[in-house]
1. Going residue by residue through the range 99-110, is there one that turns out to be without any contact (Cβ under 8 Å) to a residue 24 or more places away in the chain and assigned to a loop (DSSP other than H, G, I, E, B)?
2. So which pairs qualify, if the first residue must be in the range 141-161 and over 16 Å from L182 (Cα atoms) and of a type in the set (D, E), the second must be open to solvent by 20 Å² or more (accessible area, probe 1.4 Å) and not in a strand (DSSP E or B), the Cβ gap must be under 7 Å, and the two must be at least 6 apart or on different chains?
3. In the list R33, R48, which residue meets the criterion of being assigned to a helix (DSSP H, G or I), among the basic types (K, R) and either open to solvent by 10 Å² or more (accessible area, probe 1.4 Å) or closer than 24 Å to D153 by Cα (or both)?
4. Considering only residues that are under 14 Å from M17 (Cα atoms), assigned to a loop (DSSP other than H, G, I, E, B) and not basic (K, R), which ones fall in the range 71-98?
5. Of all residues in the range 132-146, how many are surrounded by fewer than 20 Cβ atoms within 10 Å (Cβ to Cβ) and on the phi > 0 side of the Ramachandran plot?
6. If you go through the range 218-235 one residue at a time, do you hit one that is of a type in the set (D, E, K, R), modelled with pLDDT of 95 or more and part of a loop (DSSP other than H, G, I, E, B)?
7. Select from the range 147-197 the residues that are more than 15 Å from the chain's Cα centre (by Cα), more than 22 Å from V101 (Cβ to Cβ) and surrounded by fewer than 20 Cβ atoms within 10 Å (Cβ to Cβ) and list them in ascending order.
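The values are calculated or read from the model by the stated rules, or taken from the named source; none is laboratory data. In this text the structure is predicted, and so the values were computed from the model without any measurement. So basically every Cβ, Gly included, is an ideal-geometry build from the backbone, and we count neighbours across all protein chains shown. Ligands, DNA and RNA are excluded from the accessible area calculation, which covers all protein heavy atoms including side chains. Shrake-Rupley method; radii C 1.70, N 1.55, O 1.52, S 1.80 Å.
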Amino acid sequence: MTAHGHRPPGRARRAQMKIGIIGAGNIGGNLTRRLTALGHDVSVANSRGPETLAALAEETGATPVRVEEAARGAEIVVVTVPLKAVPHLPSGLLDGAADDVAVIDTGNYYPERDGRIDAVEDDGLTESRWTERHLGHPVVKAFNGTYAQDILDRPRPAGDPGRLALPVAGDDQAAKAKVRALIEELGFDTVDSGGIDDSWRQQPGTPVYGLREGVEAVTKALAEASPERPADFRA
């Protein structure tokens with residue numbers, strides 16, 4: 001498969017979806033590249049304004065928008081910003097999204113970057129539960145331990161022995177199923193890692209974080225995770 005993820009000859013394309021991506025860093029930028037190549041209608045936003053996304057828009061055909069507009073009409077919204085930026089996202093961010101929108105949270109808590117988050121450190125909230133409360137909408141945690149370049153370079157067709165698997169956590173089963181289907185369309189298998197309160201199993205410092213393996217190894221790594229946050233990821 002090419003870096004831009006064109007589907008193999010003869011493979012039917014799934015129905016086009018409207019997808020909003022908030023954050024145009026490594027993960028957000030490469031998801032924009034792959035999802036547009038798959039034929040989806042992608043709007044992308046960052047904190048610096050749509051004029052700074054001209055090159056990405058020209059490369060991919062995505063529509064650069066303001067953050068406030070990124071979710072408008074979207075069936076899937078990807079929030080891929082540093083955790084410290086989550087409380088500063090506009091209120092009502094998802095008001096214009098589709099009624100059954102699935103929200104993907106790719107975020108990780110890195111105290112050196114994000115500062116101390118008491119609710120995570122002291123109250124034991126998972127990173128994605130904390131994000132979910134700020135957004136006011138359920139989230140599905142995915143891509144948080146994925147190398148951004150792998151989104152371009154490592155897609156494989158279903159059944160390929162080299163196909164990587166990504167853990168996916170979420171409470172909303174319909175939203176999780178939609179996200180898993182999208183990830184599989186991108187060229188990766190998925191493993192259900194439980195609800196958002198179980199998503200500590202894929203946070204930084206766990207065995208599955210950054211693991212480039214298939215379903216069996218990812219399933220095993222999730223089972224071996226400890227709920228105690230590693231010292232390297234505490235303030």
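1. Yes - at least one qualifying residue is present in the range 99-110.
2. D153/A3
3. R33
4. Those that are under 14 Å from M17 (Cα atoms), assigned to a loop (DSSP other than H, G, I, E, B) and not basic (K, R): A71, G73, A74, E75, A97, A98.
5. 1
6. Yes.
7. D153, R154, R156, P157, A158, G159, D160, P161, G162, R163
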